[in-house]
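Bear in mind that the values in this text are calculations on the coordinates, not laboratory data. What you are looking at is a predicted structure, and each value in this text was computed from that prediction instead of being measured. Please note: Cβ atoms are built from the backbone with ideal geometry, for glycine as well, and neighbour counts cover all protein chains shown.
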Amino acid sequence: MAIVINPISPVAFSVFGLDIRWYALAYVAAFVIGYFLLRYFMGKNDSQIKLNKKQLDDLFTALILGVIIGGRLGYVLFYNLSFFLSHPLEIFAVWHGGMSFHGGLIGVIVATFLFAWNQNKSGGLSGGIYKTAFNLLDIMAVVAPIGLFFGRIANFINMEVMGRVTDVPWAVVFAGQPDLPRHPSPLYEAATEGILLFIIMYCLYKFTKLRKYPGALGGILGMLYALFRIFCEQFRAPDVQIGFLTSWGLTMGQLLSAVMFVAGALIFSIAIKKK
């Protein structure tokens with residue numbers, strides 16, 4: 001017997017005729033909480049890097065641009081390139097949906113390295129571009145799962161990236177939707193990529209010496225996220241415009257996550273060897 005849920009409007013509220021969507025609020029919540037968590041971790045005595053308020057504001061501006069531009073371009077290139085080649089103006093219509101975590105991650109990495117380069121060049125920070133960037137990415141690796149949690153909850157509200165048809169007792173059917181019971185896969189991802197991943201990364205940061213190895217925590221995040229995403233993709237329906245990439249059920253999310261796992265493992269191994 002499936003669980004029947006009344007659909008939630010994707011619009012949280014309206015202000016002067018402007019619709020404010022849950023997905024937008026998820027991004028706002030992620031950035032606001034992320035900002036204060038970064039400031040909290042950098043304020044600790046054992047933090048490997050310190051930023052003043054202006055530097056932190058500049059970093060966050062770069063990160064917001066990196067997430068939005070990278071996430072959108074990642075979706076365009078990885079998930080629906082043929083459509084956007086035919087409708088190039090739709091690339092800018094982010095309100096129609098379509099963001100890629102892997103693309104957003106690349107955007108964050110690029111933004112962080114550009115910030116580190118600018119700060120080292122101007123004398124705002126010392127220690128080298130790579131050390132600065134990887135120390136920042138290590139702290140972000142602890143904070144990032146918070147944003148993933150809010151994003152997946154917004155996916156569930158929007159009835160996006162839902163799971164495959166199933167007969168498990170906790171299968172979900174949205175009332176009024178002509179569909180079969182499905183895995184609530186966004187909730188699986190919210191629990192694993194969000195809550196569980198945050199607990200693991202926080203414990204590694206708090207109770208181990210890995211933060212002293214620039215890049216180690218960032219590499220671990222890459223590996224763990226990849227494993228959780230590959231697992232959850234077993235229950236998530238493939239994107240309609242792509243389908244399965246192979247006859248045995250490989251999805252685009254699993255392929256990108258496999259590449260991400262390898263990259264994370266390389267970064268981790270190099271970080272451990274070069275304290």
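Placing unit charges on the Cβ atoms of the charged side chains and taking the dipole of the chain about its Cα centre, the candidate lying farthest along the positive direction among 31, 45, 12 is 45.
Give the relative contact order (percent, whole number) for segment 1-152; include only Cα pairs under 8 Å separated by 6+ residues. Please report the intermediate quantities before stating the final value.
Values: 144 pairs, mean separation 41.3, N = 152.
Taking the mean separation of contacting Cα pairs over the length of segment 1-152, I get 27 percent.
With Rh defined as the Kirkwood radius, the inverse of the mean 1/r over Cα pairs, the Rg/Rh of segment 132-275 is 1.05.
Charge dipole of segment 42-174 (Cα centre as origin; +1 on each Lys and Arg Cβ, -1 on each Asp and Glu Cβ, all else neutral): 380 debye, rounded to the nearest 20. With the cut-off at under 19 Å, measuring from each backbone N in segment 186-211 to a point 7 Å along the Cα-to-Cβ line of residue 168 picks out 186-197. Considering the options 257, 175, 268, tell which one lies farthest towards the positive end of the dipole of the chain, charges being +1 on Lys and Arg and -1 on Asp and Glu at the Cβ, about the Cα centre. Among 257, 175, 268, the one farthest towards the positive end of the dipole of the chain is 268.
Once the mean of 1/r is taken over each pair of separate Cα atoms and inverted, segment 119-203 shows a Kirkwood hydrodynamic radius of 15.4 Å.
For segment 209-275, the Kirkwood hydrodynamic radius from C-alpha pairs, put into Stokes-Einstein at 10 °C and a viscosity of 1.306 mPa s, yields a diffusion coefficient of 124 µm² per second.
Please give me the summed charge of the neighbours of residue 267: other residues whose Cβ is under 12 Å from its Cβ, Lys and Arg +1, Asp and Glu -1.
Values: positive: 273, 274; negative: 138.
Within the 12 Å Cβ shell, the charges total +1.
Where does the Debye-calculated log10 I(q)/I(0) of segment 1-143 sit at q = 0.18, 0.19 Å⁻¹, using only Cα point scatterers of equal weight, no solvent? Computed log10 I(q)/I(0) values: -1.07, -1.13.
In what sequence do 87, 96, 102 fall when counting other Cβ within 10 Å, fewest first? Provide the component values of the computation, followed by the final result.
On the way: 87 11, 96 7, 102 24.
Taking fewest neighbouring Cβ atoms as first place, the list is 96, 87, 102.
Considering only DSSP states other than H, G, I, E and B, which trypsin sites (Lys or Arg not before Pro) in segment 48-148 qualify as loop sites with at most 13 other Cβ atoms within 10 Å? Please report the intermediate quantities before stating the final value.
Numbers: sites: 50, 53, 54, 72, 121, 131; in loops: 50.
For trypsin sites (Lys or Arg not before Pro) across segment 48-148 that sit outside H, G, I, E and B with at most 13 neighbouring Cβ atoms in 10 Å, the list reads 50.
Run the numbers for residue 177 and residue 160: contour at 0.36 nm per residue of separation, minus the present Cα-Cα distance, in nm.
Details: separation 17, 0.36 × 17 = 6.12 nm, distance 1.29 nm.
Working it through step by step, the gained length comes to 4.8 nm.
The peptide list 247-254, 214-221, put in order of mean Cβ contacts within 10 Å with the highest first, becomes 214-221, 247-254. Under conditions of 37 °C and 0.692 mPa s, segment 1-76 yields 212 µm² s⁻¹ as its translational diffusion coefficient, taking Rh as the Kirkwood radius over Cα pairs in the Stokes-Einstein equation.
Could you size up the charge dipole of segment 1-55 around its Cα centre, putting +1 on the beta carbon of Lys and Arg and -1 on that of Asp and Glu, and report it in debye to the nearest 20? Working shown, then result.
Details: 6 positive and 2 negative charges, 77 e Å.
Here the size comes out at about 360 debye.
In terms of other Cβ atoms within 10 Å, 117, 22 run from fewest to most in the order 117, 22. In terms of Cα atoms, the Rg and Dmax of segment 205-246 work out to 15.6, 44 Å.
Among the listed pairs 206/273; 54/209; 131/209; 54/274; 53/273, those whose Cα-Cα separation exceeds 26 Å are 54/209; 54/274; 53/273.
Looking at segment 139-232, which trypsin sites (Lys or Arg not before Pro) are DSSP coil and have at most 11 other C-beta atoms within 10 Å of their C-beta? Before the final figure, lay out each step's value.
Values: sites: 152, 164, 182, 206, 209, 211, 212, 229; in loops: 164, 209.
Listed in order of number, the matching sites are 209.
For segment 69-175, the C-alpha radius of gyration divided by 2.2 N^0.38 Å, with N the number of residues, is 1.43.
What's the Kirkwood radius of the chain in Å, using all Cα pairs? Taking the inverse mean of 1/r over all distinct Cα pairs, the chain comes out at 19.8 Å.
How large is the charge dipole for the chain, taken about the Cα centre, if only the Cβ atoms of Lys, Arg (+1) and Asp, Glu (-1) carry charge, to the nearest 20 debye? Please list the in-between numbers first.
Details: 21 positive and 13 negative charges, 277 e Å.
That gives a dipole near 1340 debye.
Can you say what percent of the DSSP beta bridges in the chain, counting only those with both residues inside, are antiparallel? Round to 5.
70 percent
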